[in-house]
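Below is one structure, written out as structure tokens; the observations come after it.
The values are calculated or read from the model by the stated rules, or taken from the named source; none is laboratory data. Just so it is clear, the model here is predicted, and its values are computed rather than measured. Here the Cβ positions follow ideal geometry from the backbone for every residue, glycine too, while neighbour counts run over all protein chains shown.
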Amino acid sequence: MTARTSIRTLLATGRTPIALGRVEEVIALVRATPRRMGQLVECLWSDDAGTANRAADAVEKLTRDDSPLSVRVLEKWKAELIELMAEARFNKLKWNLALILPRMKLSRAECRAVAQILETQYLVDSSSIVKTFALHSLADLTWQNSEMCDDVVEILHIHGRSGTAAMRARSRILLKEIERPAKRLPMPGMVSRAKDRITDLKKSH
């Protein structure tokens, strides 16, 4: 892989639209040359499902593992990413955006905008994993907008009783974190603590 390798070309490689393909190579390339993050983000809007899905997977992993730098670089696309979240057609793109957006610095109005998309679109999606990560995203948003806590707790209780098996299990975990505020960690700590859970949930789907 050379410095001139096209990120879009790498992301287009995969046996199926949800296969990881060469995502790890893309991540290594962006870590080595952070200015190429823009090329990666542009691929989120690809009409090719595989390219968009793998771009989302790469951005999610970069913002999870290298959150301070990668999230700051991503900030300039915040408004566009919120719009994309509402328009996304591919399930893997959806669930990764649900994880990515709350890691960015959002205003209260932006938190509410993201929450509305999650509640009106993602929680009624046909995909169980999209719905499950929507719950995770709503819980993450409460770290930036505490006014949402009561509504999110109610949603988690509802889906903790009537959701899919994955939604019920995730709701129980998230409720423990939200309802014990004295033990809540700062946002970076929460991302780090959730890292293994996110990996395990993705592998299960």
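Suppose the filter is more than 20 Å from LYS131 (Cβ to Cβ) and crowded, with 23+ Cβ neighbours inside 10 Å; does VAL59 pass it?
Yes: the conditions hold for VAL59.
Taking the condition of being of a type in the set (Asp, Glu) and within 10 Å of ARG8 (Cα to Cα), how many residues in segment 28-52 meet it?
Residues meeting the conditions: 1.
Mind listing whichever residues of segment 1-48 are within 19 Å of ASP65 (Cβ to Cβ) and among the β-branched types (Val, Ile, Thr)?
Within segment 1-48, ILE7, VAL23, VAL26, ILE27, VAL30, THR33, VAL41 qualify.
For the subset of segment 6-56 comprising residues that are touching a Ser or Thr at 6+ places or on another chain (Cβ under 7 Å) and among the charged types (D, E, K, R), which member is surrounded by the fewest Cβ atoms within 10 Å (Cβ to Cβ)?
So the residue we want is ARG8.
Scan segment 64-110 for residues that are touching an Asp or Glu at 6+ places or on another chain (Cβ under 7 Å) and among the aliphatic types (A, V, I, L, M) and jot them down.
Those that are touching an Asp or Glu at 6+ places or on another chain (Cβ under 7 Å) and among the aliphatic types (A, V, I, L, M): ILE82, LEU99, ILE100, MET104.
For segment 91-105, enumerate the residues that are of a type outside the set (S, T, N, Q) and buried (at least 20 other Cβ atoms within 10 Å of the Cβ).
Across segment 91-105, the qualifying residues are LYS92, LEU93, LYS94, TRP95, LEU97, ALA98, LEU99, ILE100, LEU101, PRO102, ARG103.
At pLDDT 95 or above, among the small types (Gly, Ala, Ser), surrounded by fewer than 23 Cβ atoms within 10 Å (Cβ to Cβ) and out of contact with any Asp or Glu (no Cβ under 6 Å at 6 or more places or on another chain), is that true of ALA113?
yes
Give segment 96-117 a look and list any residue that's without any contact (Cβ under 8 Å) to a residue 24 or more places away in the chain and either within 28 Å of GLY50 (Cα to Cα) or touching a strand residue (DSSP E or B) at 6+ places or on another chain (Cβ under 9 Å) (or both), or say none.
Hit for segment 96-117 is GLN116, nothing else.
Output the residues belonging to segment 118-129 that are touching a residue at least 12 places away in the same chain (Cβ under 8 Å) and surrounded by fewer than 23 Cβ atoms within 10 Å (Cβ to Cβ).
Once the filter is applied, which keeps residues that are touching a residue at least 12 places away in the same chain (Cβ under 8 Å) and surrounded by fewer than 23 Cβ atoms within 10 Å (Cβ to Cβ), segment 118-129 yields GLU119, GLN121, LEU123, ASP125, SER127, SER128, ILE129.
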